[in-house]
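Here's the structure, in structure tokens; my notes come after.
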Amino acid sequence: MRYYTFLLGLFLAVGATNAQNTGEGIPASTNVSNAGYPRLLPDNRVVFQVNAPGADNVQVDLGKKYDLVKNEAGVWKVITDPQVPGFHYYSLIIDGVVVADPASESFYGMGRMASGIEIPEEGLDIYETKDVPHGDIRNRTYFSKTTGTWRRLNIYVPPGYDKSEKSRYPVLYIQHGGGEDERGWVVQGKTDIILDNLIAGGKAKPMLVVISNGNVSRPGMRAGGYNDEAMAVFREELFDNIIPFIESNYRVKTGAANRAIAGLSMGGGQAFYTGLRNTGMFANVGVFSTGLFGGIARQPGTEFDPETVIPGILTNPESFNNKLKVFYISVGEQDPRIEPTRKLVQRFRDKGLNVEFASFPGGHEWQVWRKSLNDFAQKLFK
């Protein structure tokens with residue numbers, strides 16, 4: 001009962017701070033309508049305020065846990081350290097119970113619905129809505145013979161798709177990370193806005209972007225991680241279900257030169273395996289912030305060997321150079337994956353493999369992946 005009392009107090013906190021001019025920065029853009037907190041200060045510190053008079057302890061977990069302090073009215077408050085620009089998941093912890101903040105919009109990430117906060121980056125407008133022609137995100141349902149279930153995917157179609165009845169378009173298949181699904185690249189990643197702006201500026205070719213759910217298991221099994229079983233079932237879902245659905249229902253160009261595959265983190269591993277093992281299907285491969293190469297905890301004896309995973313990539317790089325139009329790898333500069341990634345990129349280049357590499361300020365987070373998509377998309381289908 002006490003737990004529900006706390007939640008009621010939290011919901012009351014939303015109304016209590018509506019439209020208040022507190023003098024403490026501005027409300028975050030990710031707040032629910034008219035919620036006054038959390039607030040952003042000019043130096044990117046965040047002010048959190050929670051009305052929970054019956055609580056004994058309140059924290060906010062924003063990658064780092066902060067203890068809130070209660071005043072005489074039972075309102076808890078804290079000001080965090082400066083946050084790096086971009087999108088960050090966070091949670092409230094009320095007497096040890098992890099809850100979403102009712103003052104914030106919720107996003108599917110970390111394997112559950114979680115609060116999120118957007119910290120703006122000064123001078124960056126790649127995902128700002130502008131007065132340009134806009135494409136469309138279409139949510140579709142298809143039947144998967146692999147899983148035996150109906151599944152959902154999102155498709156970005158470029159401006160003018162419905163009017164240009166004779167035009168056909170290349171396709172980028174892009175994958176989310178672990179703990180996310182087909183909503184990630186749409187909501188957190190802002191794919192449609194990024195592509196709208198690039199296409200309007202003549203920086204990217206008009207294309208479809210297919211955003212599917214990469215969490216795939218056959219009946220009776222649970223696939224996951226970077227093992228061959230997980231990659232095989234993902235490949236089957238993509239090749240036997242998703243690509244045929246897209247090519248049967250949308251005006252798209254076929255052939256490897258007109259297909260690209262990319263992904264972040266877990267999805268980057270899926271793009272690496274699936275793209276490089278199937279260059280007859282994909283001539284463009286983008287790998288963002290994958291832990292496949294290292295920088296994350298591994299069991300002893302599981303060090304990454306690219307030649308074992310992709311035969312010929314080190315011993316016959318010219319065959320890949322001839323088949324791949326774009327092979328692109330990116331990572332955040334504060335991501336623990338960066339040093340193993342840099343070493344592998346250099347190893348590829350020393351062997352004569354053509355690979356484009358980019359790094360962006362930030363850790364393992366959406367700001368890096370938004371910039372990666374913005375950069376990668378400009379290189380495609382030229």
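Scaling against 2.2 N^0.38 Å puts the C-alpha radius of gyration of segment 306-345 at 1.36. Counting only residues at least eight positions apart within a chain, or on another chain, the lysines with an alpha carbon under 19 Å from that of Lys77 are Lys64, Lys65. Applying a DSSP loop filter and a limit of 16 other Cβ atoms within 10 Å to the chymotrypsin sites (Phe, Trp or Tyr not before Pro) in segment 230-330 leaves Phe304. Note that segment 339-382 presents 43 Å² accessible area per residue, ligands and nucleic acids not counted, probe 1.4 Å. Sorting Tyr108, Tyr169 on solvent-accessible area from highest to lowest, probe radius 1.4 Å, gives Tyr108, Tyr169.
The GluC sites (Glu not before Pro) of segment 106-203 that meet both conditions, a loop assignment by DSSP and at most 14 other Cβ atoms within 10 Å of the site Cβ, are Glu122, Glu128, Glu165. Compactness of segment 242-382, taken as the C-alpha radius of gyration over 2.2 N^0.38 Å, stands at 1.04.
How many percent of the alpha carbon pairs in segment 41-148 exceed a separation of 17 Å? Pairs farther apart than 17 Å: 65 percent. For the chain, the alpha carbon positions stretch 71, 56, 44 Å along the principal axes, listed from largest to smallest. In a DSSP loop and with at most 11 other Cβ atoms within 10 Å, the GluC sites (Glu not before Pro) in segment 285-382 are Glu303, Glu333.
Largest GNM mean-square fluctuation across Trp369, Trp76, Trp185, computed for the chain with C-alpha springs under 10 Å, falls on Trp76. Note on the chain: GNM, Cα springs under 10 Å; of Asp228, Asp56, Asp196, the largest mean-square fluctuation is that of Asp56. Straight-line cross-link reach from Lys351 at under 19 Å between alpha-carbon atoms covers these aspartates and glutamates, not counting any fewer than eight positions away in the same chain: Asp305, Glu307, Glu318, Glu339.
Rounded, prolate or oblate, given the Cα gyration tensor of segment 124-181, with a/c below 1.5 counting as rounded?
Oblate, since a/c reaches 1.5 and b/c is not below a/b.
Counting every pair of alpha carbons in segment 193-272, the share spaced more than 22 Å apart comes to 36 percent.
The values are calculated or read from the model by the stated rules, or taken from the named source; none is laboratory data. A quick note: this is a predicted structure, and the numbers were derived from the prediction, not measured. Because the Cβ atoms are built from the backbone with ideal geometry, glycine has one as well, and the counts that use them run over all protein chains shown. Each accessible area value is taken on the protein alone, full model and side chains, heavy atoms only, with ligands, DNA and RNA left out. Shrake-Rupley method; radii C 1.70, N 1.55, O 1.52, S 1.80 Å.
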